[in-house]
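Worksheet: the structure to be examined is printed underneath.
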Amino acid sequence: MNQQTSSTGTEKKGEWKLFIFLTVFLFPILATVSVFGYGFVIWMSHILFGLPTH
Amino acid sequence: MKKLFSMIARSWGVFSKPSKHISLGVITCGAFLAGIIFWGGFNTALEATNTEAFCISCHSMEENNYKEIQSTIHWSNRSGVRATCPDCHVPHKWSDKMAAKARASKDVFGWLLGTVDTKEKFEAKRLHLAQNEWARFKANGSLECRNCHDYKSMDFTKMSEKAQVQMRGAAERDQSCLDCHKGIAHHLPEMDTTAISELGKMAKNLEGHSFEVGKEYYSLVQTPLYKDEKETEYLGVLTPATKFKVIAESGNRLEVELVTWHKAKGYGRVLYFDFAKNIVQATLSKEASQDESLFVRGDKREDDLTGLPWEQVTFTLWVDKKGYEENLQNIWDYAKGAYQTTCSVCHTQPAEGHFDANTWVGMFAGMQGFVNLDGDTHDVILKYLQNHSSDYSKDAH
């Protein structure tokens, strides 16, 4: 590890950057989009197979 | 572009390998915290889009739905329970709620495109939007209403008499509330009553047929009556399904004879089908009803029930050559079909012979708020019922 000091700085920065990007942006967005998509699929199923009954 | 690809490739490298510098503990803690924050935020956002304030940020510009509800029981009542827009419009089951939210993307597009941003545009689309809601309530048996109201918890004995009969029946059938309670929160959409009625179409189809002097015909729609063959000012109107005899023809008018009754007190402007029966054949202007040159008097009798004198009168007037029906049964067939479709929505329609002709008038007037009928169809159904009422039908009790 010691001999790689020149690249560890950027590597470490890259890992942090990706970590933040994933947890703060990508995954929340994916989660939201998939919930919306789920709702959309149900909506379409209502159109195809009729509205929910009780 | 190339730069972007190489960045993604590099990121994928970092993503797919175990991390070298961030400890597992930090990653799981970070992810866990982010998850909590996300879930909180997601629900807050969901809540926020499920408030009345959010809905009316759009729906008040049409100044309709929001304003209208403020004069109803769901805005202010003795119990202090308010029904807000989402209470009635957004399903509670999670999956259906998400579907409703996804469906609301249609609202957002509509908002961006301004599909209903003026009163005129809203009114034009209103019936369509209401039909979407009716379909939803019909399918789920008015589930949203029943989150608050439950047949099982209703004390029918505490209800008004009017409500009791219907509500007991509804509970037995487990009927959808909206079958009878349309327009509970907003004004009902304007239904198109200017469109040409079915009777209007029947009349149009018969137009151009020749007439035989001495023969009897029936009006299909409200028909203006004139003094002679040229006069343009009309003296009154015949209701649909009124019998007249053609006695002469001239140009595009027919001279007709109308045998009717009127009350021999006051002006006698309304002409009736029969002695002491509130079955309207025509209404006349004040002048025409007094113009002795237009009619001859016949029998005179007093109605024991009201003490009013009635008199048979035979009018001779002119009508335009339009489509008239020779066979009264064709009109009754139409009326019967219309009666069965419009009046069986909420209850089984009462048998025609269940009431007498005069009682039907009040019964029918009471139902007027429930149905949207054009004038001709309204008149003809009422007349159909009266003519088949216990006064005239042999098999009635």
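Remarks
- Prolate/oblate/rounded call for the range B:288-346, Cα gyration tensor, a/c under 1.5 rounded: oblate
- Applying 0.36 nm per residue to the separation of B:A130 and B:M1 and subtracting their alpha-carbon distance, the gain on full extension is 41.5 nm.
- Rounded to the nearest 20, the Cβ-based charge dipole of the range B:193-397 about its Cα centre (Lys and Arg +1, Asp and Glu -1) stands at 200 debye.
- Among the protein heavy atoms of the range B:45-132, carbon and sulfur supply 62% of the accessible surface, probe 1.4 Å, non-protein parts ignored.
- Dipole in debye (nearest 20) - chain B, about Cα centre, beta carbon charges: Lys, Arg +1; Asp, Glu -1: 2900 debye
- For the range B:24-41, a drop of 50 Å² or more in accessible area on going from the chain alone to the assembled protein chains (1.4 Å probe) is found at B:F38.
- Occluded residues from the range B:132-160, i.e. those whose accessible area drops by 30 Å² or more once the chain is not alone (1.4 Å probe): B:A139, B:N140
- Remark: the Cα gyration tensor places the range B:45-132 in the oblate category, a/c being 1.5 or greater and a/b not exceeding b/c.
- Chain A, accessible area per residue, ligands and nucleic acids excluded (1.4 Å, Å²): 76 Å²
- Pairwise FRET efficiency - B:R301 versus B:S250, Cβ, R0 = 60 Å, nearest 0.05: 0.95
- Computed [θ] at 222 nm, helices only, for chain B once each DSSP H run of length n ≥ 4 contributes -39500 (n - 2.57): -13000 deg cm²/dmol
- Under 5 Å, built H, 5+ apart or other chain: amide partners of B:E249: B:E255
- Per residue, chain A reaches -25000 deg cm²/dmol at 222 nm when only DSSP H runs of four or more residues are counted, each adding -39500 (n - 2.57).
- Averaged over peptide B:9-20, the number of partner chain Cβ atoms lying within 10 Å of each residue's Cβ comes to 3.
- Solvent exposure of the range B:193-397 as accessible area per residue, Å², 1.4 Å probe: 52 Å²
- Once the Cα atoms are used to define both axes, helix B:119-140 deviates from the longest principal axis of chain B by about 80 degrees.
- Remark: mean inter-chain Cβ contacts per residue of B:327-339 equal 0, using a 10 Å Cβ-Cβ cutoff to other protein chain atoms.
- Across chain B, the longest piece that holds none of the trypsin sites (Lys or Arg not before Pro) lying in DSSP loops with up to 13 other C-beta atoms within 10 Å covers B:266-393.
- 0 to 90° range, to nearest 10: angle between helix A:27-49 axis and chain A longest Cα axis: 20 degrees
- Extension gain for the segment B:D356 to B:A163, taken as residue separation times 0.36 nm less the Cα-Cα distance, is 67.1 nm to one decimal.
- Each of B:F32, B:T223, B:C85 was placed along the dipole of the protein assembly as shown (beta-carbon charges, centred on the mean Cα), and the one lying farthest toward the positive end is B:F32.
- Across chain B, the relative contact order, built from alpha-carbon pairs under 8 Å that are at least six residues apart, equals 12 percent.
- In terms of its C-alpha gyration tensor, the range B:193-397 has an oblate overall shape, because the principal axis ratio a/c (a ≥ b ≥ c, square roots of the eigenvalues) is not below 1.5 and a/b does not outweigh b/c.
- Average beta carbon contacts from partner chains per residue of B:293-304, 10 Å cutoff: 0
- Spin-label pair A:K17/B:D117, simplified geometry with 7 Å Cα→Cβ offset, distance in nm: 4.1 nm
- Furthest towards positive pole of dipole, B:G208, B:C148, B:L4, structure part chain B, Cβ charges: B:L4
- Legend: calculated FRET efficiency, B:V213 to B:L46, from the Cβ-Cβ distance at R0 = 60 Å, rounded to 0.05, equals 0.20.
- Cα-derived Rg over Rh, computed across the protein assembly as shown with Rh taken as Kirkwood radius: 1.22
- Solvent-accessible area, 1.4 Å probe, carbon plus sulfur percent, for the range B:315-397: 52 percent
- Loop-located GluC sites (Glu not before Pro) in the range B:1-65, at most 14 other Cβ atoms within 10 Å (DSSP): B:E63
- In the context of the full set of protein chains, the range B:45-132 has a per residue accessible area of 61 Å² (1.4 Å probe).
- Summed over both chains, the accessible area lost when B and A associate is about 2400 Å², using a 1.4 Å probe.
- Annotation note: GluC sites (Glu not before Pro) in the range B:224-291 located in DSSP loop regions with a Cβ neighbour count of at most 10 within 10 Å are B:E233.
- Above-threshold pairs, the threshold being 27 Å between Cα atoms, out of B:K204/B:K265; B:K125/B:K162; B:K67/B:K106; B:K227/B:K265; A:K13/B:K2; B:K265/B:K321: B:K204/B:K265; B:K125/B:K162; B:K265/B:K321
The values are calculated or read from the model by the stated rules, or taken from the named source; none is laboratory data. These numbers were taken from a predicted model, which means no experiment stands behind them. Neighbour counts are summed over all protein chains in view; Cβ atoms, including those assigned to glycine, are modelled from backbone coordinates with ideal geometry. Calculation scope for accessible area: heavy atoms of the full protein, side chains included, ligands and nucleic acids excluded. Shrake-Rupley method; radii C 1.70, N 1.55, O 1.52, S 1.80 Å.
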